[in-house]
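Remarks on the structure that follows.
The values are calculated or read from the model by the stated rules, or taken from the named source; none is laboratory data. Computed from a predicted structure; not experimentally measured. Note that we place each Cβ from the backbone using ideal geometry, even for glycine, and neighbour counts take in every protein chain shown. Areas reflect the complete protein model, heavy atoms only, side chains present, ligands, DNA and RNA absent. Shrake-Rupley method; radii C 1.70, N 1.55, O 1.52, S 1.80 Å.
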Amino acid sequence: MPPLASRFADPPWGGLPGFGIGLRRIPAGDWLEGGEARPWVRKDRLQRTVPLKVWGETPGSRPGQAEVAEMIRQSLGLRPGAPGRPPLLEAARRVPDDLVLMEKPEGGDWTVSALSLCAGSFFTADEALGRDLAALHGPVPGFQDRILVRVRRIFDRLPADEIVERRNWSVVAWSSLYAPEAAAARRRALALRPRRPGAGLFLRCERQTLRRLPRTGGVLFTIRIHLTPLRDLAADPGAVRVFAWAWAQAPEDFRRYKGLAAVTPGVEAFLADCAAPGPQTVTESREESSP
Ligand code: HEM
């Protein structure tokens, strides 16, 4: 996993403080970041306990799934997995990222035709399967008016030799990658009374990539979530500065959509603590070392 500074100092919002497309082209070698030794351990557990929340496929999606699996194997130099599982599911077990196969049916729009979603916080596989871009983004402010047409065009025109990446960020009050109960966790954040400013809060950075499947014509959408305790930022003044800037710039609709009100007292106490001169830090480390 890249060090914290490179994850946060490299703007996690993709250069945009609010909602936006913010795509940038990346070299093929940077496509899948890796960094989790055995992703199948985490994913297989969820597959056993909450299968419908983390996996789904539509009839007719197997050729696209097989192309995804082959692309990932080639890219990472992996051997074929054991037969038996659907190809996208098997491919997803080998990488930390969630994988979403988007296909465009005759006369329809870009639609989720298969997905493995083990780090979903705001939606689950059964909610997303079979939905098109407009339906998926219903709750996102301004998406239908400002973003949808452009995203559709990107899916239509993405060249086979181009991989693009976008990022977004949030602050959350849970530390689990699989967190479908986001609304309840936000309510709990309001009740947090941490001993140390920012404790119990996590910076959630989401990295997404899009890549064309040249043979079957679909697009593979990958999602990778990094959760970092907010307090870990304090060790890196550059990252704190970038975060403080992003926090201050975030527009009102963005704050409302991401439920940031619940974490605002904790974040602001944390930023004030980072900006405060020495003595406070001394008091804090004394507190920490006391039994
Ligand atoms: C270029 C491609 C895309 C763009 C620009 C885009 C943009 C966005 C934006 C701006 C948000 C709000 C959160 C944020 O990112 O800050 C969002 C949320 C979301 N996106 Fe996308 N998106 C894209 C592709 C996709 C795809 C392929 C899926 C398929 C699963 C998807 C599913 C969602 C869902 C489920 C949400 C959460 C909606 C909710 O709050 O219920 N997006 N997207």
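Here GLN74 does not fit the description of being away from the ligand (no atom under 13 Å from the Cβ) and buried (at least 21 other Cβ atoms within 10 Å of the Cβ). The single condition among (1) within 14 Å of the ligand (Cβ to nearest atom); (2) at pLDDT 90 or above; (3) of a type outside the set (S, T, N, Q) that ALA246 does not satisfy is (2). For first residues located in the stretch 123-146 and without any contact (Cβ under 8 Å) to a residue 24 or more places away in the chain, partners that are aliphatic (A, V, I, L, M) and lie 6+ apart or on another chain with Cβ distances below 6 Å form the pairs ARG131/VAL112.
The sole residue among GLU162, GLU252, GLU181 that is in contact (Cβ under 8 Å) with a residue 60 or more places away in the chain, away from the ligand (no atom under 11 Å from the Cβ), on the phi < 0 side of the Ramachandran plot and of a type in the set (D, E, K, R) is GLU162. Evaluate the following for ALA184: is it assigned to a helix (DSSP H, G or I), among the hydrophobic types (A, V, I, L, M, F, W, C), modelled with pLDDT under 90 and surrounded by fewer than 17 Cβ atoms within 10 Å (Cβ to Cβ)? Yes, satisfied. Scanning the stretch 249-267 for residues that are touching a Pro at 6+ places or on another chain (Cβ under 9 Å) and farther than 18 Å from GLY200 by Cβ returns GLN249, ALA250, PRO251, ASP253, PHE254, ARG256, TYR257.
Which residue, of VAL112, VAL149, VAL171, VAL100, is surrounded by 20 or more Cβ atoms within 10 Å (Cβ to Cβ) and away from the ligand (no atom under 11 Å from the Cβ)?
On the way: VAL112 fails: away from the ligand (no atom under 11 Å from the Cβ); VAL149 fails: surrounded by 20 or more Cβ atoms within 10 Å (Cβ to Cβ); VAL100 fails: away from the ligand (no atom under 11 Å from the Cβ).
After ruling out the rest, the residue left standing is VAL171.
For the stretch 53-71, filtered to residues that are open to solvent by 30 Å² or more (accessible area, probe 1.4 Å) and of a type in the set (Gly, Ala, Ser), the residue that is nearest to GLU33 (Cα to Cα) is ALA66.
Would you check if GLU106 is open to solvent by 10 Å² or more (accessible area, probe 1.4 Å), away from the ligand (no atom under 16 Å from the Cβ) and acidic (Asp, Glu)? For GLU106, the condition - open to solvent by 10 Å² or more (accessible area, probe 1.4 Å), away from the ligand (no atom under 16 Å from the Cβ) and acidic (Asp, Glu) - is met.
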